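All remarks here apply to the structure that follows.
Laboratory data are not the source of any read-out in this text; all were calculated from the coordinates shown. This one's a predicted model, so the numbers in the text were calculated from it and none came from an experiment. Because the Cβ atoms are built from the backbone with ideal geometry, glycine has one as well, and the counts that use them run over all protein chains shown.
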Amino acid sequence: AACTVPEFESGDAYLARLEPDCRTREITEPVITVPPGYYDDNDPALVYRGAWTKASAIHGPDRDTRAFAKDAPASVSMAFEGGTVYYMFGKGPNYGIASVSIDGVEQKPLDQYAKDVEWLYKYRYCCFGPGRHVIVIRSSGAKNPDSSGYALDVDSISIAN
């Protein structure tokens with residue numbers, strides 16, 4: 001991901017240019033617009049900003065992988081076409097409150113705190129018209145009073161018509 005720049009997408013395929021000197025290039029806006037489908041936390045359509053860690057865990061997160069950021073500022077964004085988007089995430093004792101916006105409109109904040117680690121929470125955002133939409137999930141810098149931190153979790157994002 002650090003050595004490619006997406007340039008074109010059609011259906012389930014996209015074309016990316018390789019950087020000859022493999023410089024890390026920060027992408028601030030999603031370049032690829034994805035159709036309805038399932039997108040794991042490792043999918044190149046997800047654009048991460050901030051200090052994220054990718055991890056595996058057997059019998060826990062969606063498809064046993066996840067991305068998490070321990071501190072703000074951290075965000076992930078994705079451009080999509082479809083009427084409904086599902087955000088799958090985990091909760092834990094050091095998780096904060098996620099701020100979610102779609103097409104620049106703030107949605108209900110999601111408290112990712114739980115006393116013990118819990119997986120497979122899914123939140124649904126619905127009823128978007130035709131065309132390109134952008135979801136942005138951010139660490140809000142706020143937390144539940146019982147939480148010991150501000151971590152943010154992303155397991156997957158799914159898009160439906």
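For residue 65, nonlocal amide neighbours, meaning residues 5 or more places apart or on other chains whose placed amide H falls under 5 Å from its own, are 57. Dipole orientation for the stretch 2-79: of the candidates 14, 36, 73, 73 has the Cα lying most toward the positive pole (charges on Cβ; Lys, Arg +1; Asp, Glu -1). Sequence-ordered 3J(HN,Hα) estimates for the stretch 87-92 from the Karplus curve with 6.51, -1.76 and 1.60 and θ = phi - 60° stand at 9, 9, 8, x, 10, x Hz, glycine and proline given as x.
Neighbours of residue 146 by Cβ distance under 11 Å: Lys/Arg scored +1, Asp/Glu scored -1, total +1. Take 60-70, 36-46 and order them by the average number of nearby Cβ atoms within 10 Å per residue, most first; the result is 60-70, 36-46. The dipole here belongs to the chain: it is taken about the Cα centre, uses +1 on the Cβ of Lys and Arg and -1 on the Cβ of Asp and Glu, and is about 300 debye.
By average Cβ neighbour count within 10 Å, what is the ranking of 110-118, 88-96, 51-59 from highest down? Write down the numbers at each step before the final one.
Details: 110-118: 16.0, 88-96: 22.0, 51-59: 11.1.
Ranking, from highest mean packing down: 88-96, 110-118, 51-59.
A simple spin-label model places the labels of residue 29 and residue 117 3.8 nm from each other, with each point 7 Å out along Cα-to-Cβ. Note on residue 105 and residue 58: with the Förster distance fixed at 41 Å, the Cβ-Cβ geometry gives a FRET efficiency of about 0.65. Annotated for the chain: lysine pairs at least 8 residues apart or interchain, Cα distance under 15 Å, count 9.
In a shell of Cβ-Cβ distance under 13 Å around residue 95, excluding residue 95 itself, what net charge do Lys and Arg (+1) and Asp and Glu (-1) give? Write down the numbers at each step before the final one.
On the way: positive: 66, 70, 91, 115, 143; negative: 71, 111, 116, 118, 146, 153, 155.
Every neighbour counted, the sum reads -2.
Taking the DSSP beta bridges with both ends in the stretch 19-161, the antiparallel portion is around 90 percent.
Backbone amide hydrogens, once placed in the peptide plane, bring residue 4 within less than 5 Å of 19, excluding anything fewer than 5 places away on its chain. A simple rule links phi to the HN-Hα coupling: the Karplus curve 6.51 cos²θ - 1.76 cosθ + 1.60 with θ = phi - 60°, which for the stretch 65-73 gives 9, 7, 10, 9, 10, 7, 9, 6, x Hz, with x for Gly and Pro.
Taking 7 Å steps out from each Cα toward its Cβ at residue 4 and residue 16 produces label points 0.4 nm apart. For the stretch 109-141 versus the stretch 32-101, the spacing of their alpha-carbon centroids is 9 Å. Between residue 148 and 94, 95, the built amide H atoms are under 5 Å apart, and every one of these is 5 or more places off in sequence or on another chain.
Taking the Cα centre of the stretch 69-161 as origin and assigning +1 to Lys and Arg Cβ atoms and -1 to Asp and Glu Cβ atoms, the resulting dipole is close to 60 debye.
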